[in-house]
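Some notes on the structure that comes next.
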Amino acid sequence: MKYIDEAKINNLLKDAARTAPAELDRILVKTRTLQRLTLAETAALLAVEEPERLKSIFAAAAYVKEHIYGSRIVLFAPLYISNICANCCAYCSFNAKNKMIERKALTVEEIKEQVQWLLQRGHKRILMVAGEAAPAGKTNIEYYVESIKAVYSVNVGPHRIKRVNINCAPLTVDEFKQLKAAGIGTFQIFQETYHEGTYRQVHTSGPKKDPDNRIDAVDRAFTAGIDDVGIGVLLGLYDYRFEILAMLMHIEHLEERFKVGPHTISVPRIEPAVGSDLSRNVPYKLTDDNFRKLVAVLRLAVPYTGIILTTRETAAMRDELFSLGVSQVSAESRTSPGGYTEGDEALVKDTQFILNDKRSLDEIIGSLISKKFIPSFCAACYRKARTGETFMNLAKPGTIKGKCSINALITLKEYLDDFASPEVKQAGYKLIEECSREFDEKTKAELAKFFAAVDRGTRDEYV
Ligand code: SAM
Ligand code: SF4
C-alpha cells in the first residue's frame, strides 16, 4: 500500500518489545512537553503491558488532554443519508451482497425532516454518512452536494446546523472542490486497515477494492483545498499496534507533502452488523484494556490531533476515555437512513451496526456535566477559516484554548436555555458559573457580554 512501509513497522514492533525501562521513562517525560512522539517511541509505549507503567501512560495522556483541550468535549450526530453501496466490505451490513437489509437513499425532503428532528433536540453539528453508490440518475458528488445544501437550508427558529462533516467514498480532486464549495467542514475517510494483505481480503469487489485509491483520497482532498481531514482505522481487522504505527506513517506522509496532518483521528471497533459473519467473529478483537491503552498512546503520539469516539462504544467506556484523550463524540446516533424519525425501531432495523450507547443527547450532556466536562457545539474555527495549518499554528502555542473555552460555554448556555431538561439545566448553569470563575477579569467581562446577548435571544455568536 502506498506510503506504508510494512517491513519498517514490523521491525519497529519487534524492537519495541525490548525497550529498556530507562527509555520508557524518558519517553514519558517527553510526553509532558506536549511534543509529538516518533514512530519508535510510539511503538515502545504500545508494547507496555506492565500495570504500573500503564498507569503512567494514562496519567500522561490525561495531562496532555487537559493541557491542550481542557475539559471540552465536542458533540455531533451522524446523519446516514443512504445505505446503497457498490462495495463488498466483509464487516459492514451495507455490503452490496447483503440481502438482509432494506435499501434506501433519502430524498432532499427526507433529509430536511431528519435535520429538523436533530435541530429540535439541540444538535448543531452533523457528520453525513453514505454508502458508495448514488440513487439512480445521480453521481455520488451530485447527491452529496444536494444533501449538504439541504442540511444547511433547514432552520428551527434561530437554530441551524453550523457544520456538516462528511464520511463518504473517495472522490476526484475536481469533486472534492465541489464538496468544499458546498460548505463541507471535515472530509472523513477511514483506511479501515493499513495492512495490505488484510485490506485485499476484506474488500473483495467494488471501487473500494483498491487500497491505493482509498489512501490517496486524503491527498486529493488536500490538493482540492480541503485542509480539514479526518482519518481512522477499523479496529479488529488486524493487529492494533501495526495499525497505529501505519496510521502515524500515513500522517507523516501528509505532513511532509502538505505541511499539515489530519484534524481528527477515529478509532471505531468492529461491532456486530446484520449479514456480516466477520463482524461476529472479529479476527483481531481488541480487548477493552488494549483499547484504553491505544487511545492514551494516540493522545501522546499526536497531541494536537482530535480523537473521535462514536456510540459504537458503551457509555461507561466513553466516560472513561474522555479524560484519556477523546475530544469529540457522537450522541443520540441512528445508523440507518431516516432513523431519527422512526423511534426505537431504528436502533435495530437496517442499522449499519449495533449501537452500544443509546442515551439521548440530554442524558449524554447531563453525564458530561456531572463529570465536569464542558459539552460544546462550537464550530467557530471552521467558520473563521482557522483550519489546517492556521489551526495548528494557533493550537500549538495554546492560543486556541482560550477561544475554545469561551465558545464552548456560549454554546452550552444556548443549549441549556433552549433544550435541556430541568435537572440538566440546573447542573449546567452551576458548571458554567464554576468555569467562569477561573477566567481573568477581561475574559469574564467578554463572556458576560455574550451571555447577556443570549439572554436577549441572540443565538450563535462566537469568537
Ligand atoms: N461508505 C463509506 C466508506 O466506507 O468509506 C462511508 C460510510 S461507512 C458506513 C463509514 C465507516 O463505518 C467505515 O469506514 C467503517 O470503518 C465503519 N464500519 C463499517 N462496518 C462497521 C461495523 N460493523 N462496526 C463498526 N464500524 C463499521
Ligand atoms: Fe459500503 Fe462503506 Fe459499508 Fe463498505 S463500509 S459496505 S463502502 S458503506
Residue-averaged 222 nm ellipticity for the chain, from DSSP H runs of 4+ at -39500 (n - 2.57), nearest 500: -15000 deg cm²/dmol
Computed Kirkwood radius, in angstrom, where 1/r is averaged over Cα pairs of region 9-109: 17.8
Sorted peptide list for 236-246, 448-458, criterion being average Cβ within 10 angstrom, highest first: 236-246, 448-458
Ordering of 165-172, 427-434 by packing [mean C-beta count within 10 Å, highest first]: 165-172, 427-434
For region 121-164: relative contact order, % (alpha-carbon pairs under 8 angstrom, 6 or more apart): 51
Label point at residue 17 placed 7 Å out along Cα→Cβ; residues across region 227-249 whose backbone nitrogen lies under 16 Å: 239-243
Segment residue 421-residue 30, length gained on full extension (0.36 nm per residue, minus Cα span): 136.4 nm
Region 97-139 and region 161-179: distance between their alpha carbon centers, rounded to Å: 15
Under the span-like rule (Cα at least 27 Å along the axis, Kyte-Doolittle mean at least -0.5), DSSP H helices of the chain: 399-418
Inter-part distance where region 402-463 and region 1-66 are each reduced to a Cα centre, Å: 38
Extension gain (nm, one decimal) between residue 172 and residue 136, 0.36 nm per residue minus Cα-Cα: 10.9 nm
Neighbour-count ranking [beta-carbon atoms within 10 angstrom, fewest first] of 247, 317: 317, 247
Estimated Rh, region 56-145: Kirkwood, alpha-carbon pairs, angstrom: 16.0
Span per principal axis, largest first, for the Cα atoms of region 106-184 (Å): 36, 23, 16
Residues listed by number, region 29-54, amide nitrogen under 17 Å from residue 5 label point at 7 Å toward C-beta: 38-44
Isolated Cys in the chain, by beta carbon distance under 4.7 Å: 85, 88, 168, 378, 381, 404, 435
Over region 193-308, relative contact order from alpha-carbon pairs under 8 Å, at least 6 apart, %: 27
Relative contact order %, the chain, counting alpha carbon pairs below 8 Å whose residues are six or more apart: 20
Two-decimal Rg to Rh for region 204-297 - Kirkwood Rh, Cα set: 1.00
q = 0.13 Å⁻¹: log10 I(q)/I(0) that the Debye formula gives for region 272-380, counting C-alpha atoms only: -0.58
Diffusion constant of the chain at 20 °C, which comes from Stokes-Einstein with the Kirkwood Cα-pair radius and 1.002 mPa s, µm²/s: 95
Taking only Cα atoms of region 153-203, radius of gyration then Dmax in Å: 16.0, 52
Alpha-carbon centroids, region 350-369 and region 248-295: separation in whole Å: 21
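Where a number appears in this text, it was derived from the coordinates with a stated rule and is not lab data. None of these values were measured; they are calculated from a predicted model. Backbone-built Cβ (ideal geometry, glycine too); neighbour counts: all protein chains shown.
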